[in-house]
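> My questions will all concern the structure given below.
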Amino acid sequence: MLRQAGIELAGVTFDPMIASFVLDPGRRSHAIENLSLEHLAHALPSYEDVVGKGKNAQGFPAIAPSVAGDYSGTRSMAVLALQAVFQPFLERMAAEPLFRGIEMPLIEVLVDMEWRGIAIDAEVFARLGREFQEELSTLVRQIYAAAGEEFNLNSPKQLGAVLFEKLQLPVLKKTKTGVSTDADVLAQLAAMGHEVPHLILEHRELQKLLSTYVDVLPGAVNPRTGRIHTTFNQTGAATGRLSSSDPNLQNIPVRSPRGEAIRRGFVPGPEWVFVVADYSQIELRLMAHMSEDPAFIAAFRRGGDIHRETAAIIFDVPAPEVTSEMRARAKTINFATIYGQGPFALAKQLDIPQQDAKEFIAAYFERFAGVRAFLDRQVEHARDQGYVETLFGRRRYIPEIKDKNFNTRAFGERTAQNSPLQGSAADLIKRAMISIHHGLRAQGLEAQMLLQVHDELVFEAPLAEVDAVRDLVKREMESAADLLVPLVADVGVGPNWLDAKA
DNA sequence: TTCCGAGTCAGG
DNA sequence: CCTGACTCGG
């Protein structure tokens, strides 16, 4: 906002939203109105109070100076008063390094990223729009023909009626309110040879990609800059991750061929290229480091494919003899472990009996006893201390861990196991972002960081700077922390987001 | 017209 | 496990 007015803010030393986030990232809101009400017992006028809401809303410039002044002035006073409240807590909780060393310096990095924005190729999106629309129309005709009637394909309720009542397909899963028609269910029905579920799956994919990305992103281009400017929320995710919204550029498709086509539509400025870097298996590496499990550490130090390595250990065969089936199993259980999943969730994921999943997990933890101990330690810590923390001391409180309800408690336990890993990964990439931001300036490079997608950074750079940027990014990402296992970042260069990814 | 919960699914 | 967006329907 200030930059638009030609004002460059410097020397920002204390942001109460960030302080609140560091002290308790699990809070519902870190909005200044709420912080003021709670910590200062003082109600601030909300933005909506001042400009109105809905169709009556006016722009801030239209607000009478006395009202706008009151709005801004009371906020400024709240900021100062909140600093007095939070500063002693930051010190007492040893949260200063996280606050001063990571979160506060990150603000200007994110401001620059948002300000710069990212370009898309309008031609690509226009073409995809036509193609997807065409395919969608064909599918809709086929589905109506196969179902023998027309209905709203976007309504799970109507779809359920057609599939499970009219066509008499077996009900495999239920939701709170009715019959489930999610992708999992449809895939199983399709595998049983039913045509309609297969067509619906195809329809769902196209509908999703079209209505969430292809149709929307071109409209998100700022006419003044010709680029899309997302908002990175620094206080939104309880684990310490960033989130992105309006539009969310952290969930751009990539897993399907059509998703890849969308990613090809994100492009650098003319004559520039994308440099894309992503951490290799960062959460698993952190698990190896934090658990100090000798087998896991050795597997990472051997280099190579970690899922293959773990498969070799679990199934007790030499790494070259690991089949793709074994590797897929190992990969699934590796992720299940990061997420703190138990036999129930794993069984569902692998589509095997719960008893088999139980034995599988037992075999896994027998080989990786250090990992088991680490995960147990997190749960125990959450019970004793009320919170868990990351490598850089980011705390997350987990009151659910003492809940009387079994499901709530189990949720708390999974959170206790997952948050230190997900949160430490967030700490690391944030550190890397700060040092890369400084490095680019120090070397006088024009290249700029555009996006962060949890374990990935997207830059655009002039061709002449590619080597320097690649080296800087890789070096800073890999040295963001000194772990017991190597920290590896893969860097790629290309003419669009898809092709720049290794 | 607007809001909200539920279901679904895109990413990590 | 962590998110945000779209659609439906009350």
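> Are any of the pairs A:Lys166/A:Lys348; A:Lys176/A:Lys358; A:Lys157/A:Lys331; A:Lys173/A:Lys358; A:Lys348/A:Lys404 more than 24 Å apart by Cα-Cα distance, and if so, which? Display every interim value, and only then the final one.
On the way: A:Lys166/A:Lys348 28 Å; A:Lys176/A:Lys358 27 Å; A:Lys157/A:Lys331 35 Å; A:Lys173/A:Lys358 22 Å; A:Lys348/A:Lys404 26 Å.
Pairs exceeding the cut-off: A:Lys166/A:Lys348; A:Lys176/A:Lys358; A:Lys157/A:Lys331; A:Lys348/A:Lys404.
> Follow-up question, since we're still on this one. Relative contact order of chain A, please, whole-number percent, based on alpha carbon pairs below 8 angstrom and at least 6 residues apart.
Details: 689 pairs, mean separation 89.8, N = 502.
Taking the mean separation of contacting Cα pairs over the length of chain A, I get 18 percent.
> Related question: Taking the Cβ-Cβ separation of A:Ile7 and A:Arg224 as r and a Förster radius of 22 Å, what is the calculated FRET efficiency to the nearest 0.05?
Values: r = 18 Å, r/R0 = 0.81.
E between A:Ile7 and A:Arg224, to the nearest 0.05, is 0.80.
> By how many nm would the segment from A:Ser137 to A:Arg475 grow when fully extended, if each residue of separation counts as 0.36 nm and the alpha-carbon distance is taken off?
116.8 nm
> Also, quick follow-up: Treat every Asp and Glu Cβ in chain A as -1 and every Lys and Arg Cβ as +1, leave all other atoms uncharged, and give the resulting dipole magnitude about the Cα centre to the nearest 20 debye. Numbers along the way, then the final one.
Working: 53 positive and 64 negative charges, 180 e Å.
My answer is approximately 860 debye.
> Shifting gears a bit: Arrange A:Val67, A:Val276, A:Val453 by Cβ neighbour counts within 10 Å, fewest through most, would you?
Details: A:Val67 13, A:Val276 26, A:Val453 18.
Listed from fewest to most nearby Cβ atoms, that is A:Val67, A:Val453, A:Val276.
> How big is D, in µm² s⁻¹, for the stretch A:136-276 by Stokes-Einstein at 25 °C and 0.890 mPa s if Rh is the Kirkwood radius over C-alpha pairs?
Numbers: Rh = 17.9 Å.
Approximately 137 µm²/s, per Stokes-Einstein.
> For a quick check: with amide H placed at 1.01 Å from N, whose amide H comes under 5 Å from A:Leu450's, ignoring anything fewer than 5 positions away on the same chain?
Placed amide hydrogens put A:Val458, A:Phe459, A:Glu460 under 5 Å from A:Leu450.
> Which distance in nm do the two modelled labels at A:Lys331 and A:Asn34 give, with both placed 7 Å along the Cα-to-Cβ direction?
3.8 nm
> Turning to a different aspect of this structure: Compute the relative contact order of the stretch A:406-490 as a whole-number percentage, counting only Cα pairs closer than 8 Å that sit 6 or more residues apart in sequence.
Numbers: 66 pairs, mean separation 21.4, N = 85.
25 percent.
> Taking Cα centroids, how far is the stretch A:54-97 from the stretch A:181-226 in Å?
Computed from Cα coordinates, the inter-centre distance equals 41 Å.
> Suppose R0 equals 45 Å; then what is the FRET efficiency for A:Arg409 and A:Val85 from their Cβ-Cβ distance, rounded to the nearest 0.05?
0.90
> Using 0.36 nm times the number of residues separating A:Glu195 and A:Thr177, minus their current alpha carbon distance, what extension gain do you get?
Details: separation 18, 0.36 × 18 = 6.48 nm, distance 2.56 nm.
That works out to 3.9 nm of additional length.
> Along its three principal axes, how long is the stretch A:13-93 when you only count alpha carbons? Whole Å, largest extent first please.
45, 24, 23
> Something else about it: Projected onto the charge dipole of the stretch A:122-218 (+1 at Lys/Arg Cβ, -1 at Asp/Glu Cβ, origin at the Cα centre), which of A:Leu186, A:Val196, A:Gln142 gives the Cα projection farthest towards the positive end?
The one lying farthest along the dipole's positive direction is A:Leu186.
> So, one more: Which of rounded, prolate, oblate describes the stretch A:340-386, given a ≥ b ≥ c as roots of the alpha-carbon gyration tensor eigenvalues and a/c under 1.5 marking rounded, otherwise prolate only if a/b is larger than b/c?
Working: a/c = 3.84, a/b = 1.77, b/c = 2.16.
Taking the square roots of the gyration eigenvalues as a ≥ b ≥ c, the stretch A:340-386 is oblate.
> Now, a different point. What is the Rg over Rh value, at two decimals, for the stretch A:365-421, using alpha-carbon atoms and the Kirkwood definition of Rh?
Values: Rg = 11.3 Å, Rh = 11.4 Å.
With Rg and the Kirkwood Rh in hand, the quotient comes to 0.99.
> Shifting gears a bit: Work out from phi, with θ = phi - 60° and the Karplus expression 6.51 cos²θ - 1.76 cosθ + 1.60, the ³J(HN,Hα) of each residue of the stretch A:407-421, listed in order in whole Hz, and give x for Gly and Pro.
5, 4, 5, 4, 4, x, 5, 5, 4, 4, 7, 7, 4, x, 6
> Now for a separate question. Quick one: P(r) of the stretch A:374-502 from all Cα-Cα pairs, 5 Å bins, percents rounded to integers, in order of increasing distance.
Calculated P(r), rounded to whole percents: 2, 10, 17, 17, 13, 11, 9, 8, 7, 4, 2, 0, 0.
> Right, here's the next one. Under the Kirkwood approximation applied to all pairs of distinct alpha-carbon atoms, what is the hydrodynamic radius of the stretch A:122-218 in Å?
Values: mean 1/r = 0.0705 Å⁻¹.
Radius from the Kirkwood sum: 14.2 Å.
> Another question, if that's okay. In whole Å, what is the distance between the alpha-carbon centres of the stretch A:398-466 and the stretch A:135-176?
40 Å
> Please report, to two decimal places, log10 I(q)/I(0) for the stretch A:264-322 at q = 0.15, 0.24 Å⁻¹ as given by the Debye formula with identical point scatterers on the Cα atoms and no solvent.
Ignoring solvent entirely, the Cα scatterers give -0.57, -0.96.
> What full-extension length gain, to one decimal in nm, is calculated for A:Glu149 and A:Glu48 as 0.36 nm per residue of separation minus the Cα-Cα distance? If you can, show how the numbers build up before the last one.
Values: separation 101, 0.36 × 101 = 36.36 nm, distance 4.65 nm.
That pair, A:Glu149 and A:Glu48, stretches by 31.7 nm at full extension.
> To the nearest 0.05, what FRET efficiency results for A:Ala41 and A:Glu366 with a Förster distance of 60 Å applied to their C-beta separation?
On the way: r = 55 Å, r/R0 = 0.92.
Calculated value: 0.65.
> Which of A:His438, A:Val124, A:Gln355 sits farthest toward the positive end of the charge dipole of chain A, with +1 on the Cβ of Lys and Arg and -1 on the Cβ of Asp and Glu?
Ranked along the dipole, the leading option is A:Gln355.
> Follow-up. Between A:Tyr387 and residues 5 or more places away or on another chain, which pairs have amide H atoms under 5 Å apart, with H built 1.01 Å from N, and which residues are they?
A:Ile398
> Taking the Cα centre of the stretch A:136-187 as origin, work out the dipole magnitude from +1 charges on Lys and Arg Cβ and -1 charges on Asp and Glu Cβ, in debye rounded to 20. Please report the intermediate quantities before stating the final value.
Numbers: 6 positive and 5 negative charges, 30 e Å.
So the dipole magnitude of the stretch A:136-187 works out to roughly 140 debye.
> Given chain A reduced to its alpha-carbon atoms as identical point scatterers, what log10 I(q)/I(0) does the Debye formula return at q = 0.05, 0.06 Å⁻¹?
-0.24, -0.35
> Hey, another quick one. Checking the cross-link filter: which lysines have an alpha carbon closer than 18 Å to that of A:Lys501, excluding same-chain neighbours under 8 positions apart?
List returned: A:Lys474.
Values in this text are rule-based calculations from the coordinates and carry no lab data. Because the structure is a prediction, the values reported are computed rather than measured. Don't worry about glycine lacking a Cβ; one is built from the backbone with ideal geometry, like all the others, and counts go over all protein chains shown.
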